[in-house]
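The values are calculated or read from the model by the stated rules, or taken from the named source; none is laboratory data. Nothing here was measured: the structure is a model prediction, and the numbers come from that model. Note that each Cβ is placed from the backbone with ideal geometry, even for glycine, and that neighbours are counted across all protein chains shown. For accessibility, only protein heavy atoms count, side chains too; no ligands or nucleic acids. Shrake-Rupley method; radii C 1.70, N 1.55, O 1.52, S 1.80 Å.
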Amino acid sequence: MKFFIDTADVAEIRDLASTGLVDGVTTNPSLIAKSGRPIAEVIAEICDVVAGPVSAEVTATDHETMLREGRYLRGIADNIAVKVPLTVDGLKTCKVLADEGTLVNVTLCFSPAQALLAAKAGAAFISPFVGRLDDIGTEGMGLIAEIVEIYGAYDFATEILVASVRGPHHVVEAAKLGADVSTLPPSVLRAMYNHPLTDKGLAAFMADWAKTGQSILAPESDAA
């Protein structure tokens, strides 16, 4: 499974990318707005940090303007994936951009029928929002399972990008189901490192090592 980071905070992206675990980045108008900076400037900087796909979202709702925005965004860097909403105009835009060789991330997916349409429109990524489904009492991971089954039956190239991830449990369940990507808020990726038994075990090891008075990097003797 690939890990994308869902943020427009360049400092966060730099820090997490240094782990070697970040395969891409997703942004949206809300995240860009939080940065308080021009979208092209932010996106270009992120693309310099991360080699994998960086999703930059259009803000128009009609096909013609979406298309112009998408073409502008893809010109920012070679690793741009243009993000469009799962609407009729969004899918029309997806088809044109995909036919032109542009990676397209179709976002705000909440049903398997929508996911099927996105794949047929040539989407490189489909972004089902599992957390938002959970919020209204629907099992978000059930949607992932359905999309995995449908895409597998027809060998679609569209990658399933699990979005609206609320915790490590979503990532693990998505991985078990065979989703291709999870896009994670920085806090969720950091939470995946943590386990109380790891902390407890490490503390015990360090305490025992301290009693020896040794240092791995210190010379064993001065005899030489």
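Annotations
- For region 132-146, putting each phi into the Karplus relation 6.51 cos²θ - 1.76 cosθ + 1.60 with θ = phi - 60° gives couplings of 5, 5, 4, 4, 9, x, 9, 7, x, 5, x, 5, 4, 4, 5 Hz, in residue order, rounded to whole numbers and with x for Gly and Pro.
- Linear extension gain, residue 215 paired with residue 40, 0.36 nm per residue minus alpha-carbon span: 58.1 nm
- A probe of 1.4 angstrom, applied to the heavy atoms of all protein chains, finds residue 6 with accessible area near 40 square angstrom.
- Principal axis dimensions, region 89-224 - Cα atoms, whole angstrom, descending: 75, 40, 25
- The stretch between residue 193 and residue 149 holds 12.8 nm of extra length on full extension. This uses 0.36 nm per residue minus the Cα-Cα distance.
- For region 104-109, Karplus couplings with θ = phi - 60° (6.51, -1.76, 1.60), whole Hz, Gly/Pro x: 10, 10, 8, 10, 6, 8
- Residue order by solvent-accessible surface for 146, 64 is 64, 146, largest first, with ligands and nucleic acids left out and a 1.4 Å probe.
- Residue 48-residue 1 FRET efficiency (beta carbon distance; Förster radius 30 Å; 0.05 resolution): 0.75
- Per-residue [θ]222 nm for the chain (sum of -39500 (n - 2.57) over DSSP H runs n ≥ 4, rounded to 500): -15000 deg cm²/dmol
- Of the chymotrypsin sites (Phe, Trp or Tyr not before Pro) in region 125-210, the ones in a loop by DSSP (not H, G, I, E or B) with at most 13 other beta carbons within 10 Å are 193.
- Taken one residue at a time, the phi angles of region 4-9 give Karplus couplings (6.51, -1.76, 1.60, θ = phi - 60°) of 9, 9, 9, 6, 10, 7 Hz. Gly and Pro are set to x.
- Sorted largest first, extent of region 1-135 alpha carbons per principal axis (Å): 37, 34, 25
- Measuring nothing but protein heavy atoms, the accessible surface of region 154-193 at 1.4 Å probe radius is 57 percent carbon and sulfur.
- The mean sequence distance of close C-alpha pairs (under 8 Å, at least 6 residues apart), as a share of the length of the chain, puts its relative contact order at 16 percent.
- Solvent-accessible area per residue, Å², over the chain with all protein chains present [probe radius 1.4 Å]: 52
- Heavy atoms of residue 35 accessible to a 1.4 Å probe, total area in Å² rounded to 10: 40
- The local environment of residue 61, defined by Cβ-Cβ distances under 15 Å, has a net charge of -2 under the rule Lys, Arg +1 and Asp, Glu -1.
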